[in-house]
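Worksheet for the structure shown next.
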Amino acid sequence: MGFRVSEDIQDDEGTVYAAWMFRKPTVHDVALTGGDGPRLHHIAFASHERHQILHICDHLGALRMPGAIERGPGRHGVSNAFHLYVRDSDGHRIEIYTHDYHTGDPDNPVITWDVHDDQRRDWWGNPVVPSWYTDPSVVLDLDGEVRPVLERTEPREADVTVGADGFSFSRGEAEFKSGEQV
């Protein structure tokens, strides 16, 4: 379908935990994450300015729909984007982002993030919501039927790094998981 990978998350053994894929010269159009699957983590749309994302938040608040905001606004390490994640009426995750980088050069290298680098998800250190790991969109086959979900045999990102509690920290030999102590 002409997609290329802009960034991914891997461990030292080469296990891929997530990948950001693009067709236009922005960081991504879709993100795929490791877990039971196949699974689509989110689709993404680029906006021009940060204030447009904040404007969406204001509108959702005015409509008394703050529950549609799943995460953000914030800034990722992956993609270096200012982001907002919302859920549509069917529950699909949609990212609106801005201030990423240009991927139009065919020699643009894939940026690989270490699964233990906590800033890849949130540059400012904000916690990750539990649904981040557990609520992907289903995937349809070419006949429009839901693909069966198969259990992941490789390690899960939530198990090897910052947990769904949003407080865990792990990097190399040093490890701290405050969620286990609460």
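The values are calculated or read from the model by the stated rules, or taken from the named source; none is laboratory data. Just so it is clear, the model here is predicted, and its values are computed rather than measured. With ideal geometry, Cβ positions are generated from the backbone for all residues, glycine too; neighbour counts draw on all protein chains shown. The protein model used for the area step is the full one, side chains on, heavy atoms only, and it has no ligands, DNA or RNA in it. Shrake-Rupley method; radii C 1.70, N 1.55, O 1.52, S 1.80 Å.
Here are a few things to note about the model shown:
- Carbon-plus-sulfur accessible fraction, the stretch 1-136 (probe radius 1.4 Å, protein heavy atoms only): 57%.
- Put a dot 7 Å past the Cα of ASP11, heading toward its Cβ, do the same for ASP114, and the two dots end up 1.4 nm apart.
- Estimated from helices alone, the mean residue ellipticity of the chain at 222 nm is -3000 deg cm²/dmol (sum of -39500 (n - 2.57) over DSSP H runs with n ≥ 4, per residue).
- Relative contact order (percent, whole number), the stretch 10-150, Cα cutoff 8 Å, 6+ residue spacing: 27 percent
- Normalised by 2.2 N^0.38 Å, where N is the number of residues, the C-alpha radius of gyration of the chain stands at 1.04.
- Within the chain, the longest run free of GluC sites (Glu not before Pro) that sit in a DSSP loop with at most 14 other Cβ atoms within 10 Å is 50-144.
- Of the beta bridges in the chain, as assigned by DSSP with both residues counted there, near 80 percent are antiparallel.
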